[in-house]
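The values are calculated or read from the model by the stated rules, or taken from the named source; none is laboratory data. Predicted model, so just to flag it, every value in this text is computed and none were measured. Cβ placement follows ideal geometry from the backbone for every residue including glycine, while neighbour counts extend to all protein chains displayed.
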Amino acid sequence: MKVGIVMPLAEQRGGAELMLLHLLKANREAEKVEYSLAFLEHGPLVQQAQDLGYSVAVYPAGRLRSLWSFAKTAVALFRWMKREKLQLVMSWMGKAHLYASVGAVAAGIPAVWWQHGLAKKGWSDWLISRLPAKLILSCSETAAAAQRKVSPRMTIRVVYPAVELQRFDPGKLPNRQEARRRLDLPENAKIVGTVGRLQRWKGMHQLIEAAGLAVRECPDLYVVIVGGEHFSEPDYPEELRQLARRADIADKVLFAGQQQDVPLWMQAFDVFVHCSTGTEPFGMVVIEAMALGKAVVASQKGGPMEIIEPGESGLLVDMNNASALSESIAAILKSPELEEKLSKQGILRAGYFHTGRLSAETAAILSGTIHQTYTEPMEGRIQM
């Protein structure tokens, strides 16, 4: 089965790029699909794909508003599809489908594309959703539901992202106390942490406000926020620091910035909070924390609801309610039994989201699309 992947980005900016690497690595072990890749820009992902042994081409697309650049890129992709003798082309993001769909029609092969985010009723999502495609792949039922509002007649299949579980295996990392010593974190504190870009919709301000309330019941509470500032909201980090000062917990909040060894930092936590106040399309970091055996608190909205079994493998709360978040954090910190239960069940639940499952499910859907044997999308949450 020869499938082409068209990827508009060539550097890791979020979960979609990481998911592609997970797919490529897992496929190398199973060898279910012969993938060829075409990137629409130069960047580190190009070399990473080549290092994995894949055929890689780069066709810089330039600005989308340039009709000449658009036509040039579409023609280049058509020639690439013919040269590689592809049976199907898979656009890894909607933007790539703008170019790849034209080449696929000209080459006479089916096209599919990935929706990793939440579709909006703007002109770009409307246009992408009406270009020729056999089906749309989605990262969650939450994302699929949003996409159906834009393209109600399209077939949409959900394939959940995966995590390299071996990287988040607590048995392969220093224990909690050793991790704290290496990171110069307070060894005897109750550490509540989160990992994510410093953007308002990621909800770090709600975590700080909740910590300001929870510290009354848990005076040894300490908050660690791992993540760098985002270019779109350069003032948000200072806003968070001011909020910590107003809550009188400035000495109990560490802004660790962008970190490479995320598993080690997460290993140092007692409780992990995924505090997005907006609708999260999925939430790979939730699975990473669960795989490490962390007691997880996440939003009862969007993707985390498809990952966590409430009260069993984690707690779900309204992240726009700082009091409710505070109560959930305090409940875990005050109950070793609850923390142990969430830890054990979280590890079991995280086991579903391994990279081999991602590779196998994707290969099955692509094969069904090529041979026109795919079925309608399954509804509902994951069945274990």
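Values as computed for the structure displayed
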| quantity | calculated |
| --- | --- |
| Subset of the stretch 220-236 (residues that are closer than 24 Å to Gln267 by Cα and not aliphatic (A, V, I, L, M)) | Asp220, Tyr222, Gly227, Gly228, Glu229 |
| Qualifying residue in the stretch 202-216 (condition: within 21 Å of the chain's Cα centre (by Cα) and over 26 Å from Ala331 (Cβ atoms)) | no |
| Residue, surrounded by the fewest Cβ atoms within 10 Å (Cβ to Cβ), within the stretch 288-335, restricted to residues that are in contact with a Gly (Cβ under 9 Å, 6 or more places away or on another chain) and among the β-branched types (Val, Ile, Thr) | Ile308 |
| Sole residue being surrounded by fewer than 21 Cβ atoms within 10 Å (Cβ to Cβ), of a type in the set (Gly, Ala, Ser) and touching a strand residue (DSSP E or B) at 6+ places or on another chain (Cβ under 9 Å), chosen from Gly203, Gly257 | Gly257 |
| Matching entry among Gln147, Gln115, Gln166 (being among the polar types (S, T, N, Q) and within 30 Å of Phe269 (Cβ to Cβ)) | Gln166 |
| Spans of helices (runs of 4 or more DSSP H) in the stretch 1-100 with at least 1 residues in contact (Cβ under 8 Å) with a residue 40 or more places away in the chain and farther than 20 Å from Leu366 by Cα | 15-30 |
| Residue check, Leu185 surrounded by 15 or more Cβ atoms within 10 Å (Cβ to Cβ) and part of a loop (DSSP other than H, G, I, E, B) | yes |
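Condition check ((1) surrounded by 15 or more Cβ atoms within 10 Å (Cβ to Cβ); (2) over 24 Å from Glu306 (Cβ atoms); (3) modelled with pLDDT of 95 or more) across all residues:
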| position | (1), (2), (3) |
| --- | --- |
| Phe70 | yes, yes, no |
| Ala100 | yes, yes, yes |
| Ala107 | yes, yes, yes |
| Trp113 | yes, no, yes |
| Trp126 | no, yes, no |
